[in-house]
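Here's the structure, in structure tokens; my notes come after.
No lab work stands behind these numbers, since they all come straight from the coordinates. None of these values were measured; they are calculated from a predicted model. FYI the Cβ positions are ideal-geometry reconstructions off the backbone, even for glycines, and counts take in every protein chain you see.
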Amino acid sequence: MPDGILLEYVPILTLILVGLGIGGVALIAPQLLAPKRPSRRKQLPYESGMIPIGPAQRRFPVKFYLIALLFILFDIEIIFFYPWALQVRSLKTLALVEMGLFVLILLIGYIYAWRKGAFEWER
Amino acid sequence: MTLIQAVFVLFAILTLGAGLFTVLSRHLFHAVLYLILSLVGVAGLFVLLEAEFLAGVQVLIYIGAISILIIFAVMLTRGMARNPGPPLNNQSLAAAVIAGLFFVLLAPVIAGFPWPQATQGVPADAIEALGRSLVDPNQFALPFELASVMILAALIGAIFIAREKR
Amino acid sequence: MAPFLVEAAIKSLILVLLLLTGFAYLTLAERKLIADFQARIGPNRAGPYGLLQPLADAVKLFFKEDFIPEYADRVLFVLAPLITLIPTLLIFAVIPFGPELTLFGYRTRLQLTDVHVGVLYIVAVTSISVYGITLAGWASNNKYALLGGIRASAQMISYELAMGLAIVSVVLTTGTLQVSGIVEAQRNGWLIFLQPVAAVIFFITGLAEIKRAPFDLVEAEQELTAGYLTEYSSMKFALFFMSEYVKMIGFGALMTTFFLGGYLGPFVDLYPGLGVVYFTLKVGFLIFVLIWLRATLPRIRYDQLMSLGWKVLLPLSLANVMGTAVVVALTA
């Protein structure tokens with residue numbers, strides 16, 4: 001018998017189930033209703049009407065990887081803000097100083113990333 | 001078995017099963033997706049433990065950020081996603097035997113260990129308490145500040161390695 | 001437990017059905033409005049004023065051939081629409097549509113669940129909504145789709161940071177992570193007046209998160225045909241399409257809840273039912289603005305997108321958080 005906090009999460013579970021139900025119906029219905037006339041040409045990957053050239057899943061610029069890495073690091077930083085934000089009202093200066101120091105250290109990294117052109121994207 | 005225990009078993013199976021598929025999957029991209037599924041299971045376990053903040057962090061950092069990075073890394077590696085080697089190598093049998101022996105060694109210790117039991121639920125203001133302890137010099141202020149130094153080091157290292165040479 | 005479960009299930013079902021209807025008529029509204037902006041007529045054949053158009057579209061999509069392209073990752077190709085839809089719906093679980101009221105002699109909240117860490121829940125769910133699109137791009141095994149998918153994920157993670165910080169400003173001002181608490185904290189004034197910078201940042205990053213114009217690079221038809229949607233047809237396409245429009249409603253709902261006072265408005269305490277009306281009107285207005293922007297603004301370039309996110313919005317939102325913190329600490 002779930003109680004208290006756990007009860008709050010039950011509706012989320014039901015919402016997921018309802019969503020899966022609706023989505024499942026939508027995925028299955030055309031299998032029953034729609035025509036099926038596959039052909040070689042139709043199954044080819046779309047490439048503006050041309051015969052596809054080379055594999056589709058090719059390497060892509062390392063830039064995207066760098067963006068994902070920077071994202072993780074700043075995301076970890078932001079997650080600390082949530083519990084802290086609830087305490088600024090009561091801890092005042094202490095909260096400000098501690099977080100100020102935290103942000104200042106990260107600012108060094110941000111400026112470094114900027115100077116090294118991590119945020120530049122060629123046109 | 002109570003309802004909560006049933007849900008726990010469900011999430012535990014999800015976590016471990018997806019973890020198993022992560023290491024056994026031949027296809028690297030699928031392995032990453034199984035890993036994500038496993039992490040979802042862990043998030044569910046955190047919710048069951050009423051550790052809402054940890055569940056949020058689990059989803060936000062591990063599923064929403066680190067897994068994206070792993071997906072990018074797989075996509076970045078030429079050929080890796082298409083033709084991975086077999087998941088098991090010729091030492092798999094020996095590894096399984098050693099792991100099994102280790103478990104036999106460990107099992108009595110696990111069974112006999114006086115595990116601490118939670119006597120009370122999670123306090124309602126757990127997150128507020130977390131916020132306080134992060135900035136309190138007598139608690140976790142120093143580790144908190146050091147975390148930022150660590151993130152800084154990771155950031156500089158990442159840029160240094162990943163930057164395209166001009 | 002059982003009655004609670006039934007109540008949750010019924011509420012979820014009603015919520016999803018409402019969103020389905022909202023989605024259907026939003027497509028019509030968008031087509032009509034864009035037509036008006038461009039001095040065209042728009043759909044007007046199916047039913048009076050084209051009111052039956054969504055139904056006609058749905059019927060058409062149900063009878064369209066639903067094929068999976070060769071070389072596609074079949075399982076992921078089928079799962080991707082579902083993985084896109086579920087996080088989109090999940091956002092609505094914590095949104096309060098109105099105050100507590102009595103319905104058929106039964107006292108209930110117009111909110112599926114009021115999670116203690118609602119704000120964190122919203123941020124977490126937003127962060128996983130990038131997967132469906134990335135997977136669709138990967139599974140299609142199509143160049144346009146993969147490029148669209150990767151562009152989408154890089155765009156979403158870049159703007160998630162500033163969005164998270166804008167939400168932190170809201171938490172700082174209201175002092176709570178509970179969504180209902182944030183709405184109630186706006187009784188003395190909407191947050192858009194207290195936090196104008198955060199509101200603007202939230203609006204811009206929200207546009208980028210739901211990939212609406214001018215941030216719709218993912219589906220830039222001139223260079224990527226339809227991006228990750230290229231290989232999708234029939235109801236799988238419809239599910240993606242539905243997610244896009246439900247995201248628009250979700251964006252409106254979040255913006256309303258965080259900055260426009262949610263369901264609050266004059267006389268809402270006397271007549272709780274009015275709360276739903278206020279909420280709908282505010283969300284409707286925001287959606288109108290979204291459509292208006294699409295008819296007005298040209299699409300921005302990818303390098304502009306990245307530098308706006310990382311060089312302008314991120315430092316601005318961080319400065320806003322620290323500034324807010326100073327004010328909160330001084331006035332507390």
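Tabulated values for the structure
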| quantity | calculated |
| --- | --- |
| Charge dipole (the protein assembly as shown, unit charges on Cβ, about Cα centre) - positive-most of C:Thr205, C:Val75, A:Leu20 | C:Val75 |
| Cα-based convex hull volume of the protein assembly as shown per residue, rounded to whole Å³ | 198 Å³ |
| Peptides ranked, highest mean first, by Cβ atoms within 10 Å: ranges C:63-76, A:71-84 | A:71-84, C:63-76 |
| Cα-Cα separations in chain C greater than 26 Å, expressed as whole percent | 51 percent |
| Helical mean residue ellipticity (222 nm; -39500 (n - 2.57) per DSSP H run of 4+; nearest 500) of the protein assembly as shown | -22000 deg cm²/dmol |
| With eigenvalues of the C-alpha gyration tensor scaled by 5 and rooted, chain B, Å | 31, 29, 18 |
| Inter-chain shielding of C:74-80 (mean C-beta neighbours from other protein chains, 10 Å cut-off) | 1 |
| Inter-chain shielding of A:28-39 (mean C-beta neighbours from other protein chains, 10 Å cut-off) | 5 |
| Cα-centred dipole magnitude for segment B:1-150, charges only on beta-carbon of K, R (+1) and D, E (-1), debye, nearest 20 | 800 debye |
| From the C-alpha gyration tensor of segment C:10-127, square roots of 5λ in Å | 31, 25, 15 |
| Most to least packed among C:298-306, B:94-102 [average Cβ atoms within 10 Å] | C:298-306, B:94-102 |
| Fraction in percent of alpha-carbon pairs per bin - 5 Å, segment C:1-56 | 4, 19, 18, 16, 11, 9, 7, 7, 5, 3, 1, 0 |
| Among C:Ser243, C:Leu316, C:Tyr121 - extreme Cα towards positive end, dipole of the protein assembly as shown, charges at beta-carbon | C:Ser243 |
| Extension reserve of the C:Arg187-C:Asn44 stretch, reckoned as 0.36 nm per residue once the Cα distance is removed | 47.2 nm |
| Dipole of segment C:1-56, positive direction: furthest Cα of C:Leu18, C:Pro3, C:Ile34, with charges on the beta-carbon | C:Ile34 |
| Partner lysines for C:Lys211 [C-alpha distance under 24 Å; skip if fewer than 8 residues away on the same chain] | A:Lys63, C:Lys32, C:Lys143, C:Lys236, C:Lys247, C:Lys282, C:Lys311 |
| Number of partner chain Cβ atoms within 10 Å, mean per residue of C:7-17 | 5 |
| Reduced Cα scattering model of segment B:1-86, Debye log10 I(q)/I(0), q = 0.11, 0.24 Å⁻¹ | -0.35, -1.09 |
| Rg to Rh, two decimals, where segment A:4-115 supplies the alpha carbon set and Rh follows Kirkwood | 1.22 |
| Most mobile listed residue (B:Leu130, B:Leu49, B:Leu155) in chain B, GNM with C-alpha springs under 10 Å | B:Leu155 |
| Under 12 Å, Cβ to Cβ, from C:Gly265 - net charge with Lys/Arg +1 and Asp/Glu -1 | +1 |
| Ratio of the Cα radius of gyration of segment C:111-253 to 2.2 N^0.38 Å, where N counts its residues | 1.16 |
| Protection-proxy order for peptides C:153-163, B:34-44, each taking the mean of Cβ atoms within 10 Å per residue, highest first | C:153-163, B:34-44 |
